[in-house]
1. With (1) surrounded by fewer than 16 Cβ atoms within 10 Å (Cβ to Cβ); (2) within 11 Å of the chain's Cα centre (by Cα) as the list, and residue 50 as the residue in question, which single condition is left unmet?
2. Kindly list, by first and then second residue, each pair from a residue in segment 29-58 that is over 24 Å from residue 18 (Cβ atoms) to a residue that is among the acidic types (Asp, Glu) and open to solvent by 30 Å² or more (accessible area, probe 1.4 Å), limited to pairs with Cβ atoms under 9 Å and residues at least 6 apart or on different chains.
3. Based on what the data block shows, is residue 56 touching a helix residue (DSSP H, G or I) at 6+ places or on another chain (Cβ under 8 Å), open to solvent by less than 30 Å² (accessible area, probe 1.4 Å) and within 14 Å of residue 3 (Cα to Cα)?
4. Suppose we keep only residues that are of a type in the set (Val, Ile, Thr) and not in a helix (DSSP H, G or I) within segment 43-73. Which one would you say is modelled with the highest pLDDT?
Amino acid sequence: PEKVGDGICDGGQWNTEGCLWDGGDCDACNAMNNVLSTKLGDGICNFGQYNTEECNFDGNDCDRCNSFVGINNTNFVGNGVCD
C-alpha cells in the first residue's frame, strides 16, 4: 500500500512483520526500549516514547491532543500531575 515505505511510521496494521515494519518506517520507533508496536496507531494516545517524531506521534494517535497542548508541552500530559 501507499503508506508502506513512505518515510512515516503509521503503526497499526502496517507496523507488522508482514509489512516489514511499515517498510522500515517504524524501525527507529521499534528500536526504542519498551515500545510495543501494537500500541502504535491503535486509536489511543499513549504519550511518552510513543508520542515522538520517530513513532509518528503514536501512529497519529496523539495528533488531536498535541494540537491542543502543543507538541512542546506534551511532557506534562500523563505525568500524574494535574497542570
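1. (1)
2. Between residues of segment 29-58 that are over 24 Å from residue 18 (Cβ atoms) and residues that are among the acidic types (Asp, Glu) and open to solvent by 30 Å² or more (accessible area, probe 1.4 Å), the close pairs are 45/61; 45/63; 51/61.
3. Working: touching a helix residue (DSSP H, G or I) at 6+ places or on another chain (Cβ under 8 Å): yes; open to solvent by less than 30 Å² (accessible area, probe 1.4 Å): yes; within 14 Å of residue 3 (Cα to Cα): yes.
Yes, satisfied.
4. Within segment 43-73, the match that is modelled with the highest pLDDT is 44.
Conditions tested, residue by residue: (1) under 11 Å from the mean Cα position of the chain (by Cα); (2) hydrophobic (A, V, I, L, M, F, W, C); (3) exposed (fewer than 15 other Cβ atoms within 10 Å of the Cβ); (4) part of a loop (DSSP other than H, G, I, E, B).
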{"residue": "4", "(1), (2), (3), (4)": "no, yes, no, yes"}
{"residue": "9", "(1), (2), (3), (4)": "yes, yes, no, yes"}
{"residue": "20", "(1), (2), (3), (4)": "no, yes, no, no"}
{"residue": "29", "(1), (2), (3), (4)": "yes, yes, no, no"}
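The values are calculated or read from the model by the stated rules, or taken from the named source; none is laboratory data. The structure displayed is predicted, hence computed values, not measured ones. In this analysis, Cβ positions are derived from the backbone assuming ideal geometry, glycine residues included, and neighbour counts consider all displayed protein chains. Surface accessibility is based on the protein's heavy atoms, side chains included, excluding ligands, DNA and RNA. Shrake-Rupley method; radii C 1.70, N 1.55, O 1.52, S 1.80 Å.
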